[in-house]
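Taking it in order: structure first as structure tokens, then the write-up.
The values are calculated or read from the model by the stated rules, or taken from the named source; none is laboratory data. In this text, all values refer to a predicted model and were calculated from it rather than measured experimentally. All Cβ positions, even for glycine, are placed from backbone atoms using ideal geometry, and neighbour counts span all protein chains on display.
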Amino acid sequence: MSTSSDVPVGYNTPVPTKILTPDRVETRIGTLEFTDGFPSDETAKKVFDHLDFLRAVEVFLQCIPAASMEGLRVGLAEVGCDAAHKMLIADSLLDSNPLFLTGNTDTVYALAMLDLHRDGPTVVQIPPGCGPGTVNDAWFRFVTDMGAPGPDRGAGGDYLLVPPGYDKEIPDGYHVAHSRSYTNLLALRGFLVDGKTDAATAMFQDGVKIYPLSAANQRPEMEFTSFSGKAFNTIHANDQSFYEEVADVIRREPITLIDPETRGLLAAIGIHKDRPFESDERLRGTLSDAAAVGNATARAICFQTRDARAYFYENRAWKTGFVGGDYRWLDGDGRGGRNMDARTLFFYQATLNTPAMALEMVGVGSQYALSEHDASGAFLHGSNTYRLTLPPDIPAKDFWSLIVYDPQTRSELQTGQPLPSRSSENNKDELTYNDDGSIDLTFGPEPPSEGRGNWIQTVPDKSWYAILRLYGPLEPWFQKTWIPNDIERL
């Protein structure tokens, strides 16, 4: 039975304390003041500023995939990839001059940016023997694979990329893929033959055809432009201009590109499909702070992850880029929802989203292991000298490679070596193996007195990190019976 002491002043019945708001509350954003539950003017201003900040940070983290694709679209257009029939090709491999998120130095890239709003349904013909190819939409979502992991299974074939909302008849004879966006990145990869790019380059230049379906009878002639050695940027901003990049995507793409919740989150900070993105002085300051915090958060997720599942082994620093093993980052078959941090870990430092990168496929595709720490737990630093021992029988049917990257740009480290890597394919005549079949790779600003063919150059006073790639990974990798050592400081 209630007593009169349970009834607060001003009430006739007992009221639980937990539902009431005190007149003064101390929080991480300062003191919040109320008059009988009414927030003061100062408190209202403070919490609204904080709400804008929270939403802007969340926009940064959720929209990294969109901003990353926009960075690629703008960067590729600057070097001539501004029509479907204009492809860029790394005919001398991808060196460290172009800024690409963790690109690799060991395959021949052929890139095209498709605009399905401009061109409508678009045909992509690929030749037999094409390496892994992938199409991703404007939010870096998987659309289709091509080549060996695609429906043509390496035999080559004709693909038809269909834009959102297209309701006309689709002709037979194509591998059809429906995209949720107008902008789509096509990335094809070709393998070296005897350490040379000639065969893959010829395969792309002779065999790839891209044209609007409506122009099937008057196909534009393909144009291939080399981007090897060219200096240009494809990476999204990390300051407040990040929000401008995202706003450009939202204006250009169909309303159905993203769900209403994400649209509402964007609209809350002024990014709206039907209105220009404008901000007053207060909001500009908020967005500047939010971009800084969002960027710091993404970097912490990537390089100081708190998710134990990111690590391949309990006693090693090597991590996966696909935490949870799902290319959609759905935890527990979706019962845990989308793992937002896992998605950020991937897209802040990588591109090309395909199931083939996440699935366990013995002898097919590729697997990746990343490390930015040495065996003692310290970040890798370019002024030091290190050694990495890869045990015998490296489980790669095709080849393995080790590439070093710049943590600032997440692109290949720019050193005196145009290709900052060692590979059993590209450098097989230079590598020296130990008597037991293991191999010692060394890293440092100066070449060693012996084993220079195993050396990757670093930059004094600059950090770096490494990605080990296995092409055609074999069972010992998936069973974790082959375990790479940590990188050791000498």
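Values computed for the structure shown
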| item | result |
| --- | --- |
| Subset of the stretch 179-204 (residues that are touching a Phe, Trp or Tyr at 6+ places or on another chain (Cβ under 8 Å) and either farther than 22 Å from Ser366 by Cα or not in a strand (DSSP E or B) (or both)) | Arg180, Ser181, Ala200, Phe204 |
| Residues satisfying the stated conditions in the stretch 434-474, i.e. under 26 Å from the mean Cα position of the chain (by Cα) and either on the phi > 0 side of the Ramachandran plot or in a helix (DSSP H, G or I) (or both) | Gly472 |
| Where Ser383 falls short, out of the listed (1) surrounded by fewer than 21 Cβ atoms within 10 Å (Cβ to Cβ); (2) in contact with a strand residue (DSSP E or B) (Cβ under 8 Å, 6 or more places away or on another chain); (3) hydroxyl-bearing (Ser, Thr, Tyr) | (2) |
| Strands (runs of 3 or more DSSP E) lying entirely in the stretch 101-158 (those with 3 or more residues that are more than 15 Å from Arg189 (Cβ to Cβ) and over 21 Å from the mean Cα position of the chain (by Cα)) | 122-126 |
| Residues satisfying the stated conditions in the stretch 272-292, i.e. within 14 Å of Ile250 (Cβ to Cβ) and either in a helix (DSSP H, G or I) or hydrophobic (A, V, I, L, M, F, W, C) (or both) | Phe277 |
| Qualifying positions in the stretch 210-227 - assigned to a strand (DSSP E or B) and either under 27 Å from the mean Cα position of the chain (by Cα) or farther than 20 Å from Tyr174 by Cα (or both) | Ile210, Glu223, Phe224, Thr225, Ser226 |
| Leu431 being free of Cβ contacts under 8 Å to residues at least 24 places away in the same chain, of a type outside the set (Ser, Thr, Tyr) and either part of a loop (DSSP other than H, G, I, E, B) or closer than 23 Å to Gln367 by Cβ (or both) | yes |
| Residue check, Leu257 farther than 23 Å from Leu72 by Cα and either touching a residue at least 12 places away in the same chain (Cβ under 8 Å) or out of contact with any Phe, Trp or Tyr (no Cβ under 6 Å at 6 or more places or on another chain) (or both) | no |
| Which listed residue, of Tyr327, Tyr313, is in a loop (DSSP other than H, G, I, E, B) and closer than 23 Å to Ala187 by Cα | Tyr327 |
| Test: Ser371 is small (Gly, Ala, Ser), closer than 18 Å to Gly451 by Cβ, modelled with pLDDT of 95 or more and buried (at least 21 other Cβ atoms within 10 Å of the Cβ) | no |
